[in-house]
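The values are calculated or read from the model by the stated rules, or taken from the named source; none is laboratory data. This one's a predicted model, so the numbers in the text were calculated from it and none came from an experiment. Here the Cβ positions follow ideal geometry from the backbone for every residue, glycine too, while neighbour counts run over all protein chains shown.
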């Protein structure tokens, strides 16, 4: 079993829909990252969180440390949100940062 | 623009060869990280440097090595290349290990 599991693996939505991507992990962590990767493109860090909830524009990320679960929500989805969304967890003990990555969720938002 | 520069963008080489990938971190960032992204393994952490010192190692092969120089740029050396080493190699930087990461655009390595 992978240490970081994402669901769903693939997601197709219509423009304007509310989208949720889930991430569950089985290891102790200091923080969880949500990353975005456009096809053929680089990686952008969307959120880094260790508790509660963060919001940036139409994106919301939540984490429940006790349940070892995080969700990424996209409100009013748009075709430009089409990308791979990757969850990663890190333990910063000893001033290290060894991220463990999920396999990603491929999101396609259709106009 | 993340401020992290990786060169070259593309690299095509033959099996058995050696290549060097270069990363310039964002100004002021002391931590540099290297990751490999392949179709079958996804993203994997390779190695982390902080202010010139190696801090953490992940799934990095013995044929691979890295270093961070006094000006904080980093190089990833891949030797005795195999077909399976074909992948995207990303560099990221952060001010310190528990800060948000900023990724470069990656180097796409193709081994033929």
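For region B:2-18, which positions are within 12 Å of chain A (Cβ to nearest Cβ) and assigned to a strand (DSSP E or B)?
Within region B:2-18, B:5, B:6, B:10 meet the criteria.
Which residues, counting only those in region B:26-42, are more than 16 Å from residue B:93 (Cβ to Cβ) and assigned to a strand (DSSP E or B)? Talk me through it step by step, then tell me what you get.
Keep residues of region B:26-42 that are more than 16 Å from residue B:93 (Cβ to Cβ), which gives B:36-42.
Across region B:26-42, the qualifying residues are B:36, B:37, B:38, B:42.
Here are B:72, B:88: which of them is in a strand (DSSP E or B) and under 30 Å from residue A:32 (Cβ atoms)?
On the way: B:72 fails: in a strand (DSSP E or B).
None of the other options fit; the residue is B:88.
Quick check on region B:1-25: of everything there that is more than 14 Å from residue B:90 (Cα to Cα) and out of contact with any helix residue (DSSP H, G or I) (no Cβ under 8 Å at 6 or more places or on another chain), which residue is modelled with the lowest pLDDT? Steps first, please.
Taking region B:1-25 as the starting set, the residues that turn out to be more than 14 Å from residue B:90 (Cα to Cα) are B:1, B:12-19.
Filter once more, so that each one left must be out of contact with any helix residue (DSSP H, G or I) (no Cβ under 8 Å at 6 or more places or on another chain): B:1, B:12-14, B:16-19.
On the way: B:1: 83, B:12: 98, B:13: 98, B:14: 98, B:16: 98, B:17: 98, B:18: 98, B:19: 98.
Looking at residues that are more than 14 Å from residue B:90 (Cα to Cα) and out of contact with any helix residue (DSSP H, G or I) (no Cβ under 8 Å at 6 or more places or on another chain), I get B:1.
Among (1) within 12 Å of chain A (Cβ to nearest Cβ); (2) crowded, with 21+ Cβ neighbours inside 10 Å, there is one condition residue B:53 misses while meeting the rest; what is its number?
Here residue B:53 clears every test but (2).
Can you say whether residue A:29 is crowded, with 17+ Cβ neighbours inside 10 Å, modelled with pLDDT under 95 and within 14 Å of chain B (Cβ to nearest Cβ), as far as the supplied structure shows? Explain how you work it out, then say what you get.
Values: crowded, with 17+ Cβ neighbours inside 10 Å: yes; modelled with pLDDT under 95: yes; within 14 Å of chain B (Cβ to nearest Cβ): yes.
Taking the combined requirement at face value, the residue satisfies it.
Among the residues of region A:39-86, which ones are within 11 Å of another protein chain (Cβ to nearest Cβ) and closer than 24 Å to residue B:105 by Cβ?
Residues satisfying the conditions are A:40, A:41, A:42, A:43, A:44, A:45, A:46, A:47, A:48, A:84, A:86.
Test each condition in (1) within 28 Å of residue B:30 (Cα to Cα); (2) at pLDDT below 95; (3) surrounded by fewer than 19 Cβ atoms within 10 Å (Cβ to Cβ) for residue A:55 and report the one that comes out false.
Condition not satisfied by residue A:55: (2).
Looking at B:83, B:109, B:78, B:21, which is the one that is in contact (Cβ under 8 Å) with a residue 24 or more places away in the chain, over 16 Å from residue B:3 (Cβ atoms), surrounded by fewer than 18 Cβ atoms within 10 Å (Cβ to Cβ) and more than 14 Å from every other protein chain (Cβ to nearest Cβ)?
Within the list B:83, B:109, B:78, B:21, the selection yields B:83.
Does region B:24-44 hold any residues that are under 24 Å from residue A:40 (Cβ atoms), within 10 Å of chain A (Cβ to nearest Cβ) and either under 10 Å from the mean Cα position of the chain (by Cα) or crowded, with 19+ Cβ neighbours inside 10 Å (or both), and which are they? Give the steps one after another, and end with the answer.
So in region B:24-44, the residues under 24 Å from residue A:40 (Cβ atoms) come out as B:24-26, B:32-44.
Add one more test, that the residue is within 10 Å of chain A (Cβ to nearest Cβ), and what stays is B:33, B:35, B:37, B:41-44.
Result: B:33, B:35, B:37, B:43.
Could you check, for region A:88-106, whether at least one of its residues is away from chain B (no Cβ under 13 Å), within 21 Å of residue A:14 (Cα to Cα) and either under 15 Å from the mean Cα position of the chain (by Cα) or modelled with pLDDT of 95 or more (or both)? Quick ask: steps written out before the conclusion?
Filtering region A:88-106 for residues away from chain B (no Cβ under 13 Å) gives none.
No, the conditions are met nowhere in region A:88-106.
From B:47, B:60, grab the single residue that is assigned to a strand (DSSP E or B), within 14 Å of another protein chain (Cβ to nearest Cβ) and either touching a strand residue (DSSP E or B) at 6+ places or on another chain (Cβ under 7 Å) or free of Cβ contacts under 8 Å to residues at least 40 places away in the same chain (or both).
B:47
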